[in-house]
Amino acid sequence: MGKAQYKVEGGKLIKVQLEIKANKIKKVKITGDFFLHPEELIEELEKAIEGAALNEQILAGHIKAFIKKNEVVLLGASPEDFAKCIVMAGTNND
Amino acid sequence: MIEEWRLLDTGLHDAFYNMALDEAIAVARSKNLVSNTLRFFRWEPSAISIGYFQSMEEEVDTLACNARGIDYVRRRTGGGAVYHDRDGELTYSLIINQGHSLISKDFQETYETLCSGLVHGLRLLEIQAEFKPINDIIVGGRKISGNAQTRGMNVVHQHGTILLKVDPSLMFTVLKVPNEKIRDKLVKSVEERVTSLNSFLKRDVSFDELKEALVKGFEESFSIRLVTGTLTKSEEQTAAKLKAEKYATNEWNFKR
């Protein structure tokens, strides 16, 4: 299981717990003190990136698409920040 | 005609009821059973609330809390972990219909608008408070109030804290620290970054004095009149149900 945390400059703290399989996301948990509206969609967002390649640009693209499709508002962090922290957790994998 | 909002002072309650009641008021507001509401409340016993997206295990030293009789609860709003001291903090909630002219589609803008009532109230106490994005109020560069907002059922719910006194070393005995070596450093950093009414004004400010100033602050900033009211039966019933079925359950509090 990989773990990482990333403090967004002028924003919030993101923490990621990650399981990967063949360089793809098997399971991810994104926690932290950011704001995401509607809140319940965090779990759907986590599900939506399962199976995605552990690549910052690709992940940011998936997260952006999810946000757009579901009219999600993210405050204190950006899709790129989430993607960055997920990849960090992937490289901390043991 | 000046717009009238309901003012509630629900006093001391446990963390689970406090969070349940906020949601119950939002439910009642969404059904138009009550008017827009400002609620003041406090915590007995002292408690920690964590943000919707935080992990209880990662943020809270639950064993230390259990030993000291401190409650811990997950909020329906995002943001960070907060230690709510029974005697050192006042908490407020605003529950407003989303169509109200104070509410913008933009969250950041709405934080600033709703916090302007607090800022104005604090200034009436001779505290040169200012709003600091994303969701803080600061004085002399130090945080004195944290706020968090959620929306749903066509209702905006914002709650937040105002510190009367602060004890950073107690905070870090109940909040988790990444490792023991940096505990002192964290305590020191909170001492530098956070202030309270009492330490800033160098006198003891009472809850009543603070509430009176905030009521005036909200009334003048929002052009409203706050009228002392009571909870409805339906709010009390919904709160009891939400406490038992949601906020007091491990399923909710440990869900992330």
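Numbers at a glance
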{"quantity": "Cross-link table B:LYS181/B:LYS202; B:LYS181/B:LYS243; B:LYS105/B:LYS185; A:LYS15/B:LYS181; A:LYS7/B:LYS181, entries beyond 30 Å C-alpha to C-alpha", "calculated": "B:LYS181/B:LYS202; B:LYS181/B:LYS243; B:LYS105/B:LYS185"}
{"quantity": "Placed amide H near A:VAL73: partners under 5 Å, 5+ positions off or other chain", "calculated": "A:HIS37"}
{"quantity": "The range A:15-94-the range B:1-41 distance, computed between alpha-carbon centres (Å)", "calculated": "34 Å"}
{"quantity": "Calculated diffusion of chain B, Stokes-Einstein form, Kirkwood radius summed over Cα pairs, 20 °C and 1.002 mPa s, µm²/s", "calculated": "116 µm²/s"}
{"quantity": "Expected 222 nm ellipticity per residue - DSSP helices of 4 or more, -39500 (n - 2.57), all of chain B, to 500", "calculated": "-11000 deg cm²/dmol"}
{"quantity": "Virtual spin-label span in nm between B:ASP9 and A:VAL73, 7 Å along Cα→Cβ", "calculated": "3.2 nm"}
{"quantity": "Percent antiparallel among DSSP beta bridges (both partners in the range B:3-253, rounded to 5)", "calculated": "65 percent"}
{"quantity": "Check: the protein assembly as shown dipole with +1 on Lys, Arg Cβ and -1 on Asp, Glu Cβ, in debye", "calculated": "700 debye"}
{"quantity": "Cβ-based charge dipole, chain B, positive-most Cα from B:ILE162, B:SER206, B:ALA148", "calculated": "B:ALA148"}
{"quantity": "Additional length obtainable on full extension of the chain from B:PHE207 to B:GLN237, 0.36 nm per residue less Cα span", "calculated": "8.0 nm"}
{"quantity": "Computed magnitude of the charge dipole of the range A:2-91 (debye, nearest 20; Cβ of K, R +1, Cβ of D, E -1)", "calculated": "340 debye"}
{"quantity": "Prolate/oblate/rounded label for chain A (Cα gyration tensor, a/c 1.5)", "calculated": "oblate"}
{"quantity": "Per-peptide average of other Cβ atoms within 10 Å, ordering B:20-29, B:65-74 highest first", "calculated": "B:20-29, B:65-74"}
{"quantity": "Once the Cα gyration tensor of the protein assembly as shown is diagonalised, semi-axes √(5λ) in Å", "calculated": "33, 24, 20"}
{"quantity": "Prolate/oblate/rounded label for the range B:109-223 (Cα gyration tensor, a/c 1.5)", "calculated": "oblate"}
{"quantity": "Global geometry of the range B:37-95, whether rounded, prolate or oblate, following the gyration tensor of its Cα atoms and the 1.5 cut on a/c", "calculated": "oblate"}
{"quantity": "Rounded tilt (10° steps) of A:79-91 against the dominant C-alpha axis of chain A", "calculated": "20 degrees"}
{"quantity": "Exposed GluC sites (Glu not before Pro) absent: longest stretch of chain A, with sites in DSSP loops and at most 13 other Cβ within 10 Å deemed exposed", "calculated": "A:10-39"}
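Each reported figure results from applying straightforward, stated rules to the coordinates on display, with no laboratory input. Here the structure is a predicted model, which means the values were calculated and not measured. Glycine also receives a Cβ, built like all others from the backbone with ideal geometry; neighbour counts cover every protein chain displayed.
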